[in-house]
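Okay, so here's the structure we're looking at.
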Amino acid sequence: MPEALIERVARWAREIPYAPAYTFVDHLGDGSRETLTWARADLKARALAVRLREVAGPGDRVAILAPQGLPYVVAMLGALYAGIVAVPLFAPDLPGHAERLSRAYSDAEPVAVLTTTAALPGVRDFAAGVPVIAVDTVSDLLADEWEPVPIGPGELAYLQYTSGSTRAPAGVEITHGNLEANAAQLWELFRAKPRTSVAALWLPLFHDMGLVATIALPMVGGNQVAFMDPVAFVMHPVRWLRLLSEFDDVYTGGPNFAYEYTAARVGAADKEGLDLSGVRVMLNGAEPVRPGTVEAFNAAFGGLLYVTGRIKDLIIADGRNHYPQDIEVTVQEAHRAVCRDHVAAFSVPGEETERLVVVAERSRGGASADPAEVAARVRAAVRKFHDLSVHDFVLTGTGAVPRTTSGKIARRACLRAYLEGALV
């Protein structure tokens, strides 16, 4: 049987026991740092797993109500070791999220709660009626009593609760196989080198991207992650850049607003001493990517940024790679008759090379525009900025360009509709 993701913690504990695994930078406290080596991470996870099995069994749910920090990491690892379903949430004192926490907690129906000594009073009041374990008080001596249990890829690892911005939070069931696949995909996306590359993050650990990138991703290749509290980033976004500057081979990620916010808030004085030459990849996800944001960040900090997309959407023409998002932006800016964010670029097979096809919805303001003029403008712009010829340009009515359920352009579906002659 292939090695499971969670088993790799024990593997790194054997092979590189003293290598740093998880480092927390406490900017909201005294600025100190605390690091778990792979050996310590494995030890504490085993100890907590033993303690958890005293209050919960396989399939039971255990909520994590803790602030950002190393105990949160240990809580997640301990639950995974024990084969118990984790419910990564947050401490009750997190401002502005009380209703979401109450709804998610009630829906999960946990049999126990994991927290920290500092958060214990508030958590006990909130989770009255179930056992509450302060992770940082669990004795490491319990680790000797741990016995591994077989955990298959189809078994439930944790419940990831949605934001609840438009409806009650819903718990998405994430299996151990799901977690492993997600971590492996991110690791490849970040082009991480085993035991060498470092992640520098501030994403909340109860968030899907933050949990996988901060806790699961380092397990793939025995890498280190250095992370801080999201509030520390919001207060002074330059802290993110300073953390990145500490490493020679580092990657990071965040939503679009983070790059926009950082470019706007970090002044000239703050930039002194920054060295982002070691940054290999900066992931922009979880929100629509705005070209203007990328341009502003690049202009402010000089970390060349390459925005790419799914490999299956890649357009290869004349031996060169072209990302459809870049072409779509060019098209929507070529003429006022093209509706913004309603453009799809894709390729169709040709005799010698792939041929570029662009489908665009007509904007309301461009209802009277001559289609021939629009096509000419689009072709000229694509030729100028991408050195590409547009094989076919289709100007359609409103709603013709298909989208996914999350609102993204469905290029494969658009290609099928084009080949079937269904675009009008």
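Only the coordinates and a few stated rules stand behind these numbers; no lab work does. Quantities reported herein were computed from a predicted structural model and do not represent experimental measurements. No Cβ is skipped: glycine too gets one built from the backbone with ideal geometry, and neighbour counts run over all protein chains shown.
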### Query
What is the local net charge at Gly59, summed over the other residues whose Cβ is closer than 13 Å to its Cβ (Lys, Arg +1; Asp, Glu -1)?
-2
## Note on the structure
Taking 320-333, 211-224, 139-152, 383-396 and ranking on average Cβ neighbours within 10 Å, highest first, one gets 211-224, 320-333, 383-396, 139-152
### Query
Based only on Cα atoms, what Rg/Rh ratio does the chain have, Rh being taken as Kirkwood's radius?
1.03
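Only four residue types carry charge here, +1 at the Cβ of Lys and Arg and -1 at the Cβ of Asp and Glu. Report the dipole size of the chain about the Cα centre in Debye, rounded to the nearest 20.
Details: 40 positive and 49 negative charges, 178 e Å.
Its charge dipole is roughly 860 debye.
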### Task
Determine the gain in length on full extension of the stretch Ala422-Val348; use 0.36 nm per residue of separation and subtract their C-alpha separation, reporting nm with one decimal.
25.1 nm
### Summary
Lys and Arg at +1, Asp and Glu at -1: neighbours of Asp249 with Cβ under 14 Å from its Cβ sum to +1
#### Entry: Student exercise, segment 1-84 dipole from Lys, Arg, Asp, Glu Cβ charges, in Debye to nearest 20
180 debye
### Query
Which whole-Hz couplings ³J(HN,Hα) result when phi for each residue of segment 203-210 is put into the Karplus expression 6.51 cos²θ - 1.76 cosθ + 1.60, θ = phi - 60°, listed in order with x for Gly and Pro?
4, x, 6, 8, 8, 4, 5, x
### Message
If you take every residue apart from Pro153 with its C-beta less than 15 Å away from the C-beta of Pro153, what net charge results, scoring Lys and Arg +1 and Asp and Glu -1?
### Response
-4
